[in-house]
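Presented below is the structure to which this report refers.
The values are calculated or read from the model by the stated rules, or taken from the named source; none is laboratory data. The structure displayed is predicted, hence computed values, not measured ones. With ideal geometry, Cβ positions are generated from the backbone for all residues, glycine too; neighbour counts draw on all protein chains shown.
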Amino acid sequence: MIKPALQDDAFLSAVRDADSQEDFFLWWLGQSGFLVKWRGRQLLFDPYLSDSLTRKYADTDKPHERMTERVVHPGTLEGVEVVTSSHNHTDHLDAETLHALHETNPGLTLVLPSANVEFAEDRLGENCPFFLPVDVDETVASNGFSITAILAAHDDVKLDQQGRSHFLGFVAKFGPWAIYHSGDTRLHDHLIPSLIPHSVDLALVPINGYKPERRVAGNLNGTEAATLAKQIGARIAIPHHFDMFAFNTETPAEFEREAESLGQPVKVLQAGETWCSSELASIA
Ligand SMILES: [Zn+2]
């Protein structure tokens, strides 16, 4: 099992000590989960901090064996006011993670696709955070973060009867900064045009997509992820959606190779490692 760079108490004290008026801090929590800290406020993207999928698929032909140890117990994360769920799959909407997080943070707000509200109510039961639903091109604001929904295709665009998307990505803005979190997506016609106007500083992109030897795609592959970052003008891109489950992973090598040939700055994080936006200053 891969050990996170920082785990449990060491991770929590790094988050607590991260302090800047100018810059934000970011930690990869494994899979598509990221914690953002900006001027003392915290936003969580799509956290999966449990073993619920390993248990759900134990003794089936689809075992979800964890490759990386959990970075931190969600119930120990204090001061989190906003959390996102980009779609209903359990690695992006995990009841066990959200219940523990909500217990510690009773004022927690969950930003989720409007099309998924009923499903999320069913999955989370009575112990729901406050829901802040959003659909494509709409923007909601919570605790100093403004969050705009971006259409995602996982594999395809899927709309409900009212035309609302079940799959989203998010652009989160705070102070002078803009972060794009892809959710799970492949390229589609609207993706690049809808992201360019946001002047994204940091793009968080999946890399476990199509390979000839793999039947399903689901997400961008490394080449596509690096290309997307370049085409939207992201100052830097960080890959996600790998090293969590043995049956569905990828190495970042292809992503790094393509980024280098495109001249796209990227950073491959270890789970639990601290990244600070001050590192952008060293990029031309
Ligand atoms: Zn996923």
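Output the residue which, of all residues in region 156-175 that are part of a loop (DSSP other than H, G, I, E, B) and within 17 Å of the chain's Cα centre (by Cα), is farthest from GLY209 (Cα to Cα).
Applying the filter and picking the extreme gives HIS166.
For the structure I just gave you, tell me whether SER32 is at pLDDT 95 or above, under 25 Å from LEU151 (Cβ atoms), in a loop (DSSP other than H, G, I, E, B) and among the hydroxyl-bearing types (Ser, Thr, Tyr).
Against the criterion (at pLDDT 95 or above, under 25 Å from LEU151 (Cβ atoms), in a loop (DSSP other than H, G, I, E, B) and among the hydroxyl-bearing types (Ser, Thr, Tyr)), SER32 qualifies.
Restricting the first residue to region 176-188 and requiring it to be part of a loop (DSSP other than H, G, I, E, B), which pairs with a second residue that is among the charged types (D, E, K, R) and surrounded by fewer than 24 Cβ atoms within 10 Å (Cβ to Cβ) meet a Cβ separation below 8 Å and a spacing of at least six or different chains?
Cβ pairs passing all conditions: ARG186/ASP155; ARG186/GLU224; LEU187/GLU224.
Matching residues to (1) touching a residue at least 24 places away in the same chain (Cβ under 8 Å); (2) away from the ligand (no atom under 16 Å from the Cβ):
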{"position": "LEU12", "(1), (2)": "yes, yes"}
{"position": "TRP28", "(1), (2)": "yes, no"}
{"position": "TRP38", "(1), (2)": "yes, yes"}
{"position": "GLN42", "(1), (2)": "yes, yes"}
{"position": "ASP59", "(1), (2)": "no, yes"}
{"position": "HIS73", "(1), (2)": "yes, yes"}
{"position": "SER86", "(1), (2)": "yes, no"}
{"position": "HIS92", "(1), (2)": "yes, no"}
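Looking only at region 200-217, which residues are surrounded by 15 or more Cβ atoms within 10 Å (Cβ to Cβ) and out of contact with any His (no Cβ under 6 Å at 6 or more places or on another chain)?
Passing the criteria: VAL200, ASP201, LEU202, ALA203, VAL205, ILE207, GLY209, TYR210, ALA217.
Under the condition of being closer than 21 Å to ASP46 by Cβ and either over 18 Å from the mean Cα position of the chain (by Cα) or in a strand (DSSP E or B) (or both), which residue from region 195-209 is modelled with the lowest pLDDT?
Across region 195-209, the extreme among qualifying residues is ASN208.
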